[in-house]
Each structure stands twice: as C-alpha cells, then as structure tokens.
Amino acid sequence: MILFKNISKIYGDDYLALNNINLKIEDGEFIVLVGQSGAGKSTLMKLITGEEKPNQGEVYFGNNRIDTLKYKHLPQHRRQLGIIFQDFKLLAQKTAFENVAFAMEIIGKDYLEIQRKVPRFLNIVGMGSKANKFPSQMSGGERQRVAIARALINEPRVLLADEPTGNLDVFNSWDIVNLLLKINEQLKTTIIFATHNKEVVNSINKRVISLDRGNIIRDSIEGKYII
Amino acid sequence: MKNITLEIYRSIKYGFQNFGRNIFLSIATTSVMVLTLFGLGFFIIINQISDQALTSLQSKVDINVYIKESVEPENLQKFNEYVQQIPEVNTSEVIDKEKALAIYKERFKENPVLIDSIQFLDTNPLPVTLIIQAKTSEDYNTIWEKIKQYPEFEETVESSDYSDGKNVAKETIDQLNKIINTTRSVGLVIIIVLSVIAILITYNTIRLTMYSYRNEIEIMRLVGASDTQIKGPFFIEGILFGVFGTFISSLILFVVVFLISDPVKNFIPGSEPLSEYLFNNILIIVSIKLLIGVALGIGSSIFAINRYLKV
C-alpha cells in the first residue's frame, strides 16, 4: 500500500507542483496517472522513489514512512521498486544482459542465479536474442523492453512507469502497455502508470487519477481520459 | 562475508570493464597521468643531482690555519684537539712542513718558476698548517670565532686564510653559501609549483572522465545501488590510471635519463651519473610515483563522482 497524506510540493520559491494531495493505492492495483505536462505526475512518482521530498505531508510505502528516509537508506527502499522511465535510463556501457544483471548484482545475487534468471526475463520481454547488444544498438522499443526486464527482475512489489510509451510509436506503445497489464494480472504487482496516451487510457478500463496543476481533479475506477 | 567478496570482485571486474570500454578516454586520462608522474620523477632526480653537486662543491671548501714556528708539537696536538671538539667541525688535519712542501710541489708542478724559487731557500718556508673542514659551509664563521677563543690563540696561530678583512676563502665560502641556499629554495619552489599544476591538470582530466559517467551514476542510484557499489569500479579505475601512469612514465624516465646522463655528468663534475643514481634508487622513485599516481587517481575519481551522487 502506498499512501500520500496532505502532500504539497513546491519547486523553487513558488511553483506549486502538488497541492495537498491525499491518495491511497492498494497492493495489486493498476493506477493510471493522467494530466498535462507539469500537472504533477512525475513529482508524485519521485516522491515514491525518494528522489524528491515533499514540503508538507507524509508518504508511506507499506508501513514505512519514506519522505523522511535518509540518503543512505534510499538504496534499500528503491530495491523494492521497479522503475521504468520515458528515456529508458539504461547503462550505456553495458549490454542488455548486463543491464538486467546489474539490478540483481545490486541486491547481492550470485553468478549462477543471474545466469539462470536474466535470459528468462529477457525472453519474457522479447529481447532474448539481443542479450549482447548495447543500448546504442537497439531501437527505442527494444530499449524500453530491456528496461522493463530490469525493473521486473527482482520481482518488485511496485512498478513505477513514468510515461514509458512517450518515446515510442503506436505499435511499440501497445506492446509495452499489454506487458504491464500482464505483469499486473499474473504477478499481482502494483503498477503506477503515468501517460499522455488518451487511446490507451480509454481502452484499458483501470483506475484513472487525473491531475491538473498539482490537484487531483478526478479519481475513478475504470476511468477515462478526461481533463 | 560472501557478499563483500562478491562486491569486491564485481568492483574489480567493472573497473577493468569501464577502463576497456572507454578506451580512448582511458588513454587520454592515463597520458595526462604519465606526464605528471614523469615530471615528478624527473624533479626528484634533478633535485638529487643538484644537491650532490652542491655537496661536492662544499667538500672542496676548507680553511687553513697557519701555526707559528715556535709552537711545540704537544701544544700543536692540544690545539688540534681543541679544534676537533668544536661541534661544527667535521675534520681537522695537521699538515707538517714536509707534507706542506709536497703538496706545494704537486700543486705547482706545471710552474717551474715557483718550484725553483722554493728550492733556492735553505729552509722550508712553509708553515705547519691545520686544515679544517666544517660540517656545512655556513659553520665556518662560528668555527673561526671559537678558534679565536682558544686561550693560547696568540701564541699558537700565525695567521689564517679565513680571518677578518680581505679574504679569498671567506668570500668564496660566503658566495657558495648564497648560491646553495638560493638554489635549494628556488628549486623547491619550482618543484612545488610544477607539482601542483600537474596534479590539478590530472585531477581536472579525471573529473571530465567522471562527468561523462554522471548519467550512469544517476541511473545506478535510481535502480537501488548503494554508494559503495557505485564507487567501487571507479575506485579500481582510479588505481588503474595510477598504475598504468607509473609504469609508462617510468619507462620514459629511464630512456630519458640514460640519454642525458653523460652530458649532465660533464656539466656537473663530481656528481654521480644520473643513470647510476636512478639505478640505485629505482625502487624508491617508482614507489613514490606509484603512491602519488594511485592516490591521485583514486582521490580525483571519488571526489569527482561524489558530486553526482545526489539522487
């Protein structure tokens, strides 16, 4: 469960990114965050990863309060999350295999387990045959698949996807969305999916939270893209 | 325990991997390191050689105290003992009349007029002489002052080539002292300034290398890597810069030293040849370079990436 309690976030002196947000996300939910650029979607995600701290309010992840986490405790917290970014954020110096393996190495998994598990996950996202390619040798859709494999490899309780289809064409976008739906359905992973893609939002019938200038203006089960 | 070994192993593996996959950047960084370390090694050698040259000049300076004819051998002995117990005195040697004559003949053997003129005399005109060498050339004044305090100074000493008034030895010694002190302090300042410049350039190069890694560092933080896990490979990479830098710069240093060794020896008489000095001190020179190189590599890498460890 993720809980935002009276959260406000101000950037600089007066840019109000989030205004007194109260939001509860249950385990296993699939949440779609919609809103224009600057509505506060990314800020909401960054509060969960601990990249940003709120100016007011409390953020809980399970029973742990995370807005007060110290810098040195952030890695431990982030290992429970899988994160997918619009710009993929793969390590340029590492191959597809190594990028996924890196997430396992961080939590101290040994060589044999990595050798067994990484190819399996690369196959799931359809990148099994390109394990030895570097990010510069992949297309956008392929990079995002590798990023998803990396996000899933440690079987996180929560998957954050911040506009994962923003840099992809329609065909690849649907592939990624279907993958996220499948993960949510089969692994019961909580998914928070921020997107601009109206068509996607309207056809998947999941809980939609609409943000506008830092406020939640609508929160509806099986919602539509309305702003 | 198993985790620590695994993390060390992975740091080493990725340190080498980073170095190899960014080979051009690594070569550039190592080259700057090579220049710095070569400079340092060269400074050490030059400093040592100029020091030796000065010391050898110093050992050629002495003062001669001429003893009166009337002094009995046991009194001379007493005077010599008095001189020897002065703390600043390194050696003092009694040159008797015969020996003085022999030295005179040897020194002026090319000048028959001087040799003949001394042979015309019935007696040996040369005085018994006490040749005194100080521990450092700055001590001659003190020594001379103390000799003058000898109770029977007037009865014993005829004269000296180091006394007040016009005096060649005194002027030479003073001049030498000035040169030695200036050379040492100027040399030291130059070495410090050049070392600081070299170190700053190396630091800046490594900083640029790390700047190119800033996105990687941010990504690692975001997927949950701890600071130690992130820094480990850069730590190793820093060591590699230092080790390769030391190795290559040492090779260059050897070649350069062997090439300039002979000309330098002719230029500074009385000094140990550069190549011999390098050969005798190879271990210490390489160790100093390795120490500085590795410290510089690690320090710069870690200091530089700390700036990107924010998220």
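Residues in the range A:178-226 that are in a strand (DSSP E or B) and either touching a Phe, Trp or Tyr at 6+ places or on another chain (Cβ under 9 Å) or touching a residue at least 12 places away in the same chain (Cβ under 8 Å) (or both): 16 in all. Among the residues that make up the range B:199-212, is at least one of them assigned by TED's automatic domain parsing to the domain that holds residue B:102, surrounded by 15 or more Cβ atoms within 10 Å (Cβ to Cβ) and within 38 Å of the chain's Cα centre (by Cα)? There is no residue in the range B:199-212 that is assigned by TED's automatic domain parsing to the domain that holds residue B:102, surrounded by 15 or more Cβ atoms within 10 Å (Cβ to Cβ) and within 38 Å of the chain's Cα centre (by Cα).
Here's the yes/no breakdown for (1) free of Cβ contacts under 8 Å to residues at least 60 places away in the same chain; (2) of a type in the set (Asp, Glu):
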site: A:28; (1), (2): no, no
site: A:36; (1), (2): no, no
site: A:55; (1), (2): yes, no
site: A:69; (1), (2): yes, no
site: A:79; (1), (2): no, no
site: A:89; (1), (2): yes, no
site: A:105; (1), (2): yes, yes
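Look through the range A:63-113, keep the residues that are within 11 Å of chain B (Cβ to nearest Cβ) and among the β-branched types (Val, Ile, Thr), and return whichever of them is farthest from residue B:5 (Cα to Cα). Looking at residues that are within 11 Å of chain B (Cβ to nearest Cβ) and among the β-branched types (Val, Ile, Thr), I get A:84.
Can you say whether residue B:82 is on the phi < 0 side of the Ramachandran plot and more than 14 Å from every other protein chain (Cβ to nearest Cβ), as far as the supplied structure shows? Here the answer is yes, as residue B:82 does meet what is asked.
Would you mind stating whether residue A:17 is more than 30 Å from residue A:188 (Cβ to Cβ), at pLDDT below 95 and surrounded by 15 or more Cβ atoms within 10 Å (Cβ to Cβ)? Against the criterion (more than 30 Å from residue A:188 (Cβ to Cβ), at pLDDT below 95 and surrounded by 15 or more Cβ atoms within 10 Å (Cβ to Cβ)), residue A:17 qualifies.
Of all helices (runs of 4 or more DSSP H) completely enclosed by the range B:211-311, which ones contain at least 3 residues that are within 14 Å of chain A (Cβ to nearest Cβ)? Where helices (runs of 4 or more DSSP H) fall fully within the range B:211-311 and carry at least 3 residues being within 14 Å of chain A (Cβ to nearest Cβ), they are B:214-222, B:227-267. For the range B:121-152, filtered to residues that are part of a helix (DSSP H, G or I) and touching a residue at least 60 places away in the same chain (Cβ under 8 Å), the residue that is nearest to residue B:55 (Cα to Cα) is B:137. Filtering the range B:1-12 to residues that are within 12 Å of chain A (Cβ to nearest Cβ) and in contact (Cβ under 8 Å) with a residue 24 or more places away in the chain leaves B:7, B:10, B:11. Taking the criterion of being surrounded by fewer than 16 Cβ atoms within 10 Å (Cβ to Cβ) and in contact (Cβ under 8 Å) with a residue 60 or more places away in the chain, no residue of the range B:82-120 qualifies. Listed conditions (1) assigned to a helix (DSSP H, G or I); (2) within 12 Å of chain B (Cβ to nearest Cβ) are all met by residue A:51, apart from (1). Note on the range A:58-76: residues that are of a type in the set (Gly, Ala, Ser) and in a strand (DSSP E or B) total 0.
Looking at residue B:20, is it within 14 Å of chain A (Cβ to nearest Cβ) and either touching a helix residue (DSSP H, G or I) at 6+ places or on another chain (Cβ under 9 Å) or assigned to a helix (DSSP H, G or I) (or both)? It is true that residue B:20 is within 14 Å of chain A (Cβ to nearest Cβ) and either touching a helix residue (DSSP H, G or I) at 6+ places or on another chain (Cβ under 9 Å) or assigned to a helix (DSSP H, G or I) (or both).
Within the group B:212, B:226, B:250, which residue is more than 30 Å from residue A:150 (Cβ to Cβ) and of a type in the set (Gly, Ala, Ser)?
Among B:212, B:226, B:250, only B:250 is more than 30 Å from residue A:150 (Cβ to Cβ) and of a type in the set (Gly, Ala, Ser).
When the criteria are applied in full, residue B:195 fails the requirement of being within 30 Å of residue A:148 (Cα to Cα) and either at pLDDT below 90 or within 14 Å of another protein chain (Cβ to nearest Cβ) (or both).
Could you tell me how many of the residues in the range A:1-34 are aliphatic (A, V, I, L, M) and over 26 Å from residue A:222 (Cβ atoms)?
Selection size over the range A:1-34: 3.
Taking residue A:10 as the residue in question, decide whether it is buried (at least 17 other Cβ atoms within 10 Å of the Cβ) and β-branched (Val, Ile, Thr). When the stated conditions are applied, residue A:10 does not pass them.
Evaluating residue A:7 against the criteria (1) part of a strand (DSSP E or B); (2) closer than 26 Å to residue A:199 by Cα; (3) hydrophobic (A, V, I, L, M, F, W, C) leaves one unmet condition, (2). Would you say residue B:50 is part of a helix (DSSP H, G or I), modelled with pLDDT under 90 and within 27 Å of residue B:188 (Cα to Cα)? Spelling it out, residue B:50 is indeed part of a helix (DSSP H, G or I), modelled with pLDDT under 90 and within 27 Å of residue B:188 (Cα to Cα). Of the residues screened, residue B:180 is not one that is in contact (Cβ under 8 Å) with a residue 40 or more places away in the chain, closer than 16 Å to residue B:293 by Cα and touching a Leu at 6+ places or on another chain (Cβ under 7 Å).
The values are calculated or read from the model by the stated rules, or taken from the named source; none is laboratory data. Not measured: the values here are computed from a predicted model. Neighbour counts are summed over all protein chains in view; Cβ atoms, including those assigned to glycine, are modelled from backbone coordinates with ideal geometry.
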